[in-house]
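J.: What follows is a structure written as structure tokens; I'll ask about it next.
The values are calculated or read from the model by the stated rules, or taken from the named source; none is laboratory data. It should be emphasised that the depicted structure is a prediction, and the values quoted were computed from it without experimental measurement. Every residue, glycine as well, gets a Cβ built from its backbone with ideal geometry; the counts of neighbours run over all protein chains shown.
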């Protein structure tokens with residue numbers, strides 16, 4: 001069994017989506033009895049996170065309402081060529097993989113953008129889906145869309161592609177790291193968050209398991 005950790009590191013000074021989300025703050029304290037504790041402040045979409053339709057729709061499910069079996073599932077891995085800043089993920093490069101994706105699968109897409117995790121332009125110049133590519137994803141009937149990019153829509157404008165995902169009940173898992181290290185094109189995906197009531201998103205620990 002081979003396990004790949006797909007989870008980015010959360011730390012002070014890391015990238016963020018900007019206000020109104022808070023910057024990451026990690027404060028260590030030691031009690032008079034010598035017990036170490038930490039006070040941690042972060043936004044719900046910090047680091048690698050899982051997100052539901054409640055991000056855009058009032059009646060969407062919160063994370064604590066998502067069945068655990070949806071978060072331990074089969075996934076198809078698609079490795080695209082390394083993307084340049086603000087480049088589209090297009091239909092032509094996804095369509096050859098259509099036969100591999102079964103309804104209900106999670107889909108994990110690598111663009112190698114995780115190499116920019118510590119760069120200032122990680123969010124502002126993120127590669128993103130074209131409308132046609134997103135329609136292709138939706139037609140496959142996937143349960144989770146994961147990627148190593150922080151923005152599925154063009155970060156310069158709101159195209160509404162994420163909203164289309166949520167309308168179909170698809171969960172978002174992003175941004176991932178290390179997808180290029182996965183050897184097989186079908187794996188077991190585990191993406192678990194704490195059970196926090198009434199939240200639309202939260203950082204998670206995501207791993208790929210190859211038997």
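J.: Name every residue in segment 112-124 that is surrounded by fewer than 20 Cβ atoms within 10 Å (Cβ to Cβ) and either on the phi > 0 side of the Ramachandran plot or in contact with a helix residue (DSSP H, G or I) (Cβ under 8 Å, 6 or more places away or on another chain) (or both), in order of residue number.
T.: Pass one, segment 112-124, residues surrounded by fewer than 20 Cβ atoms within 10 Å (Cβ to Cβ): 112, 115, 117-121, 123-124.
If the condition is that a residue be surrounded by fewer than 20 Cβ atoms within 10 Å (Cβ to Cβ) and either on the phi > 0 side of the Ramachandran plot or in contact with a helix residue (DSSP H, G or I) (Cβ under 8 Å, 6 or more places away or on another chain) (or both), then 112 is the only one that fits.
J.: State yes or no: is residue 20 out of contact with any strand residue (DSSP E or B) (no Cβ under 7 Å at 6 or more places or on another chain), within 20 Å of residue 122 (Cβ to Cβ), surrounded by fewer than 18 Cβ atoms within 10 Å (Cβ to Cβ) and modelled with pLDDT under 95? Break it down into steps so the answer makes sense when it comes.
T.: Working: out of contact with any strand residue (DSSP E or B) (no Cβ under 7 Å at 6 or more places or on another chain): yes; within 20 Å of residue 122 (Cβ to Cβ): yes; surrounded by fewer than 18 Cβ atoms within 10 Å (Cβ to Cβ): yes; modelled with pLDDT under 95: yes.
Yes; evaluated as a whole, the condition is true for this residue.
J.: So, one more: Could you list, in sequence order, the residues of segment 145-164 that are in contact with a helix residue (DSSP H, G or I) (Cβ under 7 Å, 6 or more places away or on another chain) and buried (at least 20 other Cβ atoms within 10 Å of the Cβ)?
T.: Matches in segment 145-164: 145, 148, 149, 152, 161.
J.: In this structure, does residue 13 turn out to be on the phi > 0 side of the Ramachandran plot and at pLDDT below 95?
T.: Details: on the phi > 0 side of the Ramachandran plot: yes; at pLDDT below 95: no.
The answer is no for residue 13.
J.: For segment 23-46, how many residues meet the condition of being surrounded by 12 or more Cβ atoms within 10 Å (Cβ to Cβ), part of a loop (DSSP other than H, G, I, E, B) and free of Cβ contacts under 8 Å to residues at least 24 places away in the same chain?
T.: Counting residues in segment 23-46 that are surrounded by 12 or more Cβ atoms within 10 Å (Cβ to Cβ), part of a loop (DSSP other than H, G, I, E, B) and free of Cβ contacts under 8 Å to residues at least 24 places away in the same chain gives 2.
J.: Before we move on, is residue 176 closer than 19 Å to residue 7 by Cβ and either part of a loop (DSSP other than H, G, I, E, B) or touching a residue at least 60 places away in the same chain (Cβ under 8 Å) (or both)? Reasoning before the result, please.
T.: Numbers: closer than 19 Å to residue 7 by Cβ: yes; either part of a loop (DSSP other than H, G, I, E, B) or touching a residue at least 60 places away in the same chain (Cβ under 8 Å) (or both): yes.
So residue 176 fits the description; yes.
J.: Evaluate the following for residue 79: is it surrounded by fewer than 20 Cβ atoms within 10 Å (Cβ to Cβ), touching a strand residue (DSSP E or B) at 6+ places or on another chain (Cβ under 9 Å) and within 24 Å of residue 5 (Cβ to Cβ)? Even if it seems obvious, please write down each step before you answer.
T.: Working: surrounded by fewer than 20 Cβ atoms within 10 Å (Cβ to Cβ): yes; touching a strand residue (DSSP E or B) at 6+ places or on another chain (Cβ under 9 Å): yes; within 24 Å of residue 5 (Cβ to Cβ): yes.
Against the criterion (surrounded by fewer than 20 Cβ atoms within 10 Å (Cβ to Cβ), touching a strand residue (DSSP E or B) at 6+ places or on another chain (Cβ under 9 Å) and within 24 Å of residue 5 (Cβ to Cβ)), residue 79 qualifies.
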